[in-house]
Amino acid sequence: MKPISEAHVAQPGLAVVDVAACDDQTAFAVQALLAGRWATASADRTNRVPGEPGVRLRCYLDVRQELGSQL
């Protein structure tokens with residue numbers, strides 16, 4: 001995975017979430033739970049790290065903006 005960019009955490013309320021899971025289905029389920037609550041830049045694929053178990057997925061959240069909220 002690429003290093004986290006300063007722009008992704010430049011303001012309070014912005015977060016980068018790295019998910020480690022046993023399989024794609026589990027990783028995408030976690031991402032869907034996060035995306036169901038906050039504005040989320042979702043990933044469309046997982047990554048495998050050679051020598052490490054499972055898969056990795058990174059998504060970007062804006063926890064200042066809950067879904068359904070009026071800004």
Exercise. Go ahead and estimate [θ] at 222 nm for the chain from helices alone: -39,500 (n - 2.57) per DSSP H run with n ≥ 4, summed, over the residue count, rounded to 500.
Key: -5000 deg cm²/dmol
Self-check item: Positive minus negative residues near ALA41 (Lys, Arg vs Asp, Glu; Cβ under 11 Å)
Solution: -1
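In terms of solvent-accessible area of protein heavy atoms at a 1.4 angstrom probe, what is the ranking of ASP24, ASP18, ASP62, ASP44, highest value first? Could the numbers behind the result be given before it?
Details: ASP24 65, ASP18 85, ASP62 30, ASP44 135 Å².
Ranked list, largest accessible area first: ASP44, ASP18, ASP24, ASP62.
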Exercise. Taking the Cα centre of the chain as origin, sum charge times position over the Cβ atoms of Lys and Arg (+1) and Asp and Glu (-1), and report the length of that vector in debye to the nearest 20.
Key: 60
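Ignoring ligands, DNA and RNA, please state the percent of accessible area on the chain from carbon and sulfur, probe 1.4 Å. Present the calculation step by step, with values, prior to reporting the outcome.
Numbers: 2690 of 4970 Å².
Solvent-exposed carbon and sulfur of the chain make up 54 percent of the total.
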Exercise. State in Å² the accessible area per residue of the chain; use a 1.4 Å probe, count heavy atoms of protein chains only, and round to the nearest integer.
Key: 70
Quiz item: For VAL49 and GLN25, FRET efficiency with R0 = 22 Å and r from the beta-carbon atoms, rounded to 0.05?
Solution: 0.75
Practice problem: State, in angstrom, two size descriptors of the chain derived from its alpha carbons: Rg to one decimal place and Dmax to the nearest whole number. | Solution: 13.0, 45
Quiz item: So what are the ³J(HN,Hα) numbers for region 26-42, from phi and the Karplus equation (6.51, -1.76, 1.60; θ = phi - 60°), rounded to whole Hz, Gly and Pro as x?
Solution: 5, 4, 5, 5, 5, 4, 5, 4, 5, 5, x, 10, 10, 4, 9, 8, 8
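The values are calculated or read from the model by the stated rules, or taken from the named source; none is laboratory data. Computed from a predicted structure; not experimentally measured. All Cβ positions, even for glycine, are placed from backbone atoms using ideal geometry, and neighbour counts span all protein chains on display. Accessible surface areas use protein heavy atoms only, side chains included; no ligands, DNA or RNA. Shrake-Rupley method; radii C 1.70, N 1.55, O 1.52, S 1.80 Å.
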